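The values are calculated or read from the model by the stated rules, or taken from the named source; none is laboratory data. Small disclaimer: the values here were computed from a predicted structure and weren't measured. Here the Cβ positions follow ideal geometry from the backbone for every residue, glycine too, while neighbour counts run over all protein chains shown. What goes into the accessible areas is simple: the full protein's heavy atoms, side chains included, and nothing from ligands, DNA or RNA. Shrake-Rupley method; radii C 1.70, N 1.55, O 1.52, S 1.80 Å.
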Amino acid sequence: MMHRPPPHEDFALRETKPHLGGGKVSGDKLTSTYDLVEQMQYLYVRVVKAKELPAKDVTGSLDPYVEVKLGNYKGTTRHFDKKSNPEWNQVFAFSKDRLQASMLEIIVKDKDFMKDDFVGRVQFELNEVPKRVPPDSPLAPQWYRLEDRNGNKVRGEVMLAVWMGTQADEAFPEAWHSDAATVSGTDALANIRSKVYLSPKLWYLRVNVIEAQDLQPSDKGRYPEVYVKAKLGNQVLRTRVSQSRSINPMWNEDLMFVAAEPFEEPLILTVEDRVAPNKDEMLGHCAIQLQSVDRRLDHKPVNTKWHNLERYIIVEGEQKKKDTKFASRIHMRICLEGGYHVLDESTHYSSDLRPTAKQLWKSSIGILELGILSAQGLLPMKTKDGRGTTDAYCVAKYGQKWIRTRTIIDSFMPRWNEQYTWEVFDPCTVITIGVFDNCHLHGGEKNGPARDSKIGKVRIRLSTLETDRVYTHSYPLLVLHPNGVKKMGEIHLAVRFTCSSLLNMMHMYSHPLLPKMHYIHPLTVSQLDSLRHQATLIVSMRLSRAEPPLRKEVVEYMLDVGSHMWSMRRSKANFFRIMGVLSGLIAVGKWFDQICHWKNPITTVLIHILFIILVIYPELILPTIFLYLFMIGVWYYRWRPRHPPHMDTRLSHADSAHPDELDEEFDTFPTSRPTDIVRMRYDRLRSIAGRIQTVVGDLATQGERLQSLLSWRDPRATALFVIFCLVAAIVLYVTPFQVVALLTGFYVLRHPRFRHKLPSVPLNFFRRLPARTDCML
């Protein structure tokens with residue numbers, strides 16, 4: 001194996017030993033509900049309602065609100081106009097680490113334009129507050145009589161519940177937090193709370209345009225050049241011009257779109273005649289609602305349908321439908337493809353591989369648990385009141401589920417301690433965790449639309465994790481800038497992958513990576529690129545409409561949009577990945593050359609003896625090879641990786657890239673160069689080189705997968721392969737070599753009738769092996 005220098009110390013992964021779950025540990029597995037995070041104690045105050053509040057003016061009513069005060073921290077409820085029996089039902093959470101007083105005050109006040117009038121208060125000694133730990137039922141609120149400033153009872157009561165709890169409390173996500181006391185406004189408060197989002201359900205829409213009949217072009221004396229234009233939302237595709245230049249043209253061409261549930265926009269098709277180089281005439285139009293479109297789960301074709309084409313005329317500058325007794329028609333086959341997986345991520349680190357149709361889903365094989373503990377050493381991302389500050393939050397994406405932690409205000413060492421779970425349907429998937437700076441607080445849009453700044457992200461491949469083991473590591477947050485790679489801080493994570501059925505998970509390594517429709521009716525590379533671009537646009541648009549929104553720049557960074565663009569740095573990295581894969585073969589070639597040239601006579605004599613034995617006894621060749629591979633796998637088990645992979649700056653050549661190369665990488669597309677000729681050539685070069693870069697990266701991935709067979713990077717795959725080598729060594733030892741060779745030849749030369757389009761089991765196993773792609777920056 002090629003020796004690689006260790007990464008820069010600041011960019012290395014560090015194993016940590018946090019105090020998880022309050023120290024409730026049972027062996028290597030923890031036992032409490034929030035067992036992958038450190039317990040954070042909070043003082044919770046639930047203000048439910050008040051009654052019989054005294055009037056403060058001649059109208060006989062008041063505008064009440066409640067102020068919860070603890071030391072220098074002060075939180076307020078909303079106020080009601082002219083209401084003596086208000087209901088708030090708001091929760092306030094004060095971090096125990098920042099408690100500055102021993103007395104909690106809940107003060108009822110009257111909202112006055114000139115001043116806030118004191119109505120009454122209730123006080124609690126903190127050492128008398130009860131503790132509550134879920135799954136205990138919520139603490140029942142009680143009525144408390146109000147007191148004046150001297151401690152005398154006054155008219156009016158308030159219903160309260162006060163308790164000490166942790167972040168596992170169900171009131172935690174929607175509570176007002178003391179560390180966000182500087183944030184004001186309903187919208188700003190909504191932007192700092194933790195939320196769970198779901199990606200929209202995406203479908204591939206296949207429109208097979210077959211033919212049209214009885215078209216009516218305006219110029220009867222020429223052969224029409226007819227094509228069909230289809231539009232779905234902002235996606236527009238066209239067929240080629242029909243070769244049969246007549247009023248009954250034929251195409252038989254497929255157009256592929258991405259559609260998202262709920263289907264809000266119809267599919268609009270227009271038949272147009274190209275009457276001049278820049279002039280098209282519409283011959284007909286129809287709109288199809290996607291709710292009525294057939295849904296296909298396999299490769300069986302759906303029924304075709306004829307659709308009438310409507311025509312429009314311009315009357316007094318307005319477009320109106322033309323009444324016709326005889327309508328043109330178009331013949332199409334339209335279906336929603338449920339057997340494909342709609343790719344919105346790169347296939348190298350996809351988090352979901354299931355088909356769209358839920359009927360085709362298999363049962364889950366395990367649970368992924370992620371504890372987002374804290375971050376350290378974050379750099380200031382913006383300036384407030386003349387000093388640098390950072391309002392950090394995390395986003396994690398796996399499958400269709402996105403999570404967003406709460407925003408920690410003005411802290412370079414935020415502590416989230418939030419835990420989330422996902423169902424796992426395939427171990428060969430990747431979870432992505434990103435850290436961002438919230439720029440939508442404190443009036444962040446005064447100088448134009450604010451964008452949340454990226455701080456860094458981490459990718460973890462599940463197949464590289466041992467089951468039922470808790471991984472606690474501090475990951476460096478690395479971002480590439482035009483002036484080089486920069487460490488933005490570290491994020492502290494706890495990860496556990498729990499397997500519900502080891503046999504089912506091992507069986508997954510023999511399945512195709514993607515649903516079978518990708519192999520029976522494969523899509524072209526250009527189609528997949530275009531469809532992935534449309535899918536990311538739809539996902540970012542839908543998530544940006546949530547409340548609080550998961551903004552477009554965040555979604556695009558998590559989905560790695562733009563990673564396919566040309567980069568000299570990436571091309572160099574992929575080239576050296578290939579060299580790393582080939583270095584073993586080169587070393588064997590050099591060693592064999594030394595054998596041939598008798599550099600070491602004793603070794604050469606031993607090789608001659610071994611060669612004579614294998615020629616006399618050819619049945620020992622394959623058992624020896626498999627036994628040798630088995631022994632290598634067992635030998636390497638002692639040095640198997642004990643830490644998950646992370647971003648590698650040396651592998652990515654991010655720490656040695658030339659500034660001019662980085663300037664080219666961060667250049668816009670199309671380029672911002674001033675000269676038109678340079679722009680044309682530059683764009684053409686980058687487009688071609690981007691495809692070459694992808695091919696080179698794929699070659700490197702295949703070679704690295706071959707290396708990972710015995711590296712124990714994926715412990716299950718290596719275990720399967722090692723066991724297979726041992727069984728193969730035994731079987732091939734007891735089976736005559738001539739029989740094995742004969743069966744192998746018959747299998748390779750088998751008739752096409754005995755072949756099928758799905759990949760073979762060895763190929764499926766090989767495609768599921770991990771590569772160094774996850775470590776690429």
- Counted residues, the stretch 343-394 - those being in a strand (DSSP E or B), of a type in the set (A, V, I, L, M) and closer than 30 Å to Asp529 by Cα: 1
- Out of the residues in the stretch 541-578 that are assigned to a helix (DSSP H, G or I) and among the aliphatic types (A, V, I, L, M), which is most open to solvent (accessible area, probe 1.4 Å)? Met541
- Note on the structure: Of the residues in the stretch 653-680, those that are under 25 Å from Ile578 (Cβ atoms), of a type in the set (D, E, K, R) and part of a loop (DSSP other than H, G, I, E, B) come to Asp655
- Task: Go over the candidates Leu215, Leu189 one by one and state the one that is assigned to a loop (DSSP other than H, G, I, E, B), open to solvent by less than 50 Å² (accessible area, probe 1.4 Å) and modelled with pLDDT under 90.
- Result: Leu215
- Could you grab me the full set of residues in the stretch 267-279 that are more than 15 Å from Arg245 (Cβ to Cβ) and under 42 Å from the mean Cα position of the chain (by Cα)? Leu267, Ile268, Leu269, Thr270
- Index of the failed condition, Lys599 passing every other in (1) assigned to a helix (DSSP H, G or I); (2) without any contact (Cβ under 8 Å) to a residue 24 or more places away in the chain: (1)
- Residue under evaluation His646, criteria (1) out of contact with any Ser or Thr (no Cβ under 7 Å at 6 or more places or on another chain); (2) in a loop (DSSP other than H, G, I, E, B); (3) open to solvent by 40 Å² or more (accessible area, probe 1.4 Å), criterion not met: (3)
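Table: residues versus (1) open to solvent by 90 Å² or more (accessible area, probe 1.4 Å); (2) of a type in the set (A, V, I, L, M); (3) within 24 Å of Ala700 (Cα to Cα); (4) at pLDDT 85 or above.
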residue: Leu585; (1), (2), (3), (4): yes, yes, yes, yes
residue: Cys596; (1), (2), (3), (4): no, no, no, no
residue: Ile607; (1), (2), (3), (4): no, yes, no, no
residue: Trp635; (1), (2), (3), (4): yes, no, no, yes
- Item | Pick from the stretch 218-240, criterion open to solvent by 20 Å² or more (accessible area, probe 1.4 Å) and more than 14 Å from Ile268 (Cα to Cα), ranking: modelled with the lowest pLDDT | Gly221
- Query: Within the stretch 108-130, restricting attention to residues that are outside any loop (DSSP other than H, G, I, E, B) and in contact with a Phe, Trp or Tyr (Cβ under 7 Å, 6 or more places away or on another chain), which residue is surrounded by the fewest Cβ atoms within 10 Å (Cβ to Cβ)?
  - Reply: Val122
- Task: Output the number of the condition that Glu147 fails; it satisfies all remaining conditions of (1) open to solvent by 10 Å² or more (accessible area, probe 1.4 Å); (2) modelled with pLDDT under 85; (3) of a type outside the set (A, V, I, L, M, F, W, C).
- Result: (2)
- Query: If the Cβ limit is 6 Å and pairs must be 6+ apart or interchain, which residue in the stretch 638-650 that is among the polar types (S, T, N, Q) pairs with which residue that is part of a helix (DSSP H, G or I)?
  - Reply: Thr649/Phe11
- Query: Are any of the residues in the stretch 710-719 out of contact with any Asp or Glu (no Cβ under 9 Å at 6 or more places or on another chain), under 27 Å from Val561 (Cα atoms), of a type outside the set (Asp, Glu) and part of a loop (DSSP other than H, G, I, E, B)?
  - Reply: no
- Task: May I ask you to verify whether Ile247 is open to solvent by 20 Å² or more (accessible area, probe 1.4 Å), more than 27 Å from Leu343 (Cα to Cα), modelled with pLDDT of 85 or more and of a type outside the set (S, T, N, Q)?
- Result: yes
- Note on the structure: Going through (1) farther than 28 Å from Thr182 by Cα; (2) surrounded by fewer than 19 Cβ atoms within 10 Å (Cβ to Cβ); (3) at pLDDT below 80; (4) not β-branched (Val, Ile, Thr) one by one, Glu52 fails only at (3)
- Count of residues meeting criterion [open to solvent by 60 Å² or more (accessible area, probe 1.4 Å) and modelled with pLDDT of 75 or more] in the stretch 20-33: 0
- Item | Candidate set: the stretch 131-163, residues that are small (Gly, Ala, Ser) and in a strand (DSSP E or B); chosen: the one nearest to Lys69 (Cα to Cα) | Ala161
- Query: Looking at the stretch 170-182, which of its residues are modelled with pLDDT under 85 and open to solvent by less than 10 Å² (accessible area, probe 1.4 Å)?
  - Reply: Ser178, Ala180
- Query: Of all residues in the stretch 738-767, which are open to solvent by less than 70 Å² (accessible area, probe 1.4 Å), in contact (Cβ under 8 Å) with a residue 24 or more places away in the chain and not polar (S, T, N, Q)?
  - Reply: Val740, Leu758, Pro759, Phe765, Phe766
- Query: Which pairs have Cβ atoms under 6 Å, sit 6 or more apart or on different chains, and link a residue in the stretch 242-260 that is farther than 16 Å from Leu309 by Cβ to one that is at pLDDT below 90?
  - Reply: Arg245/Tyr223
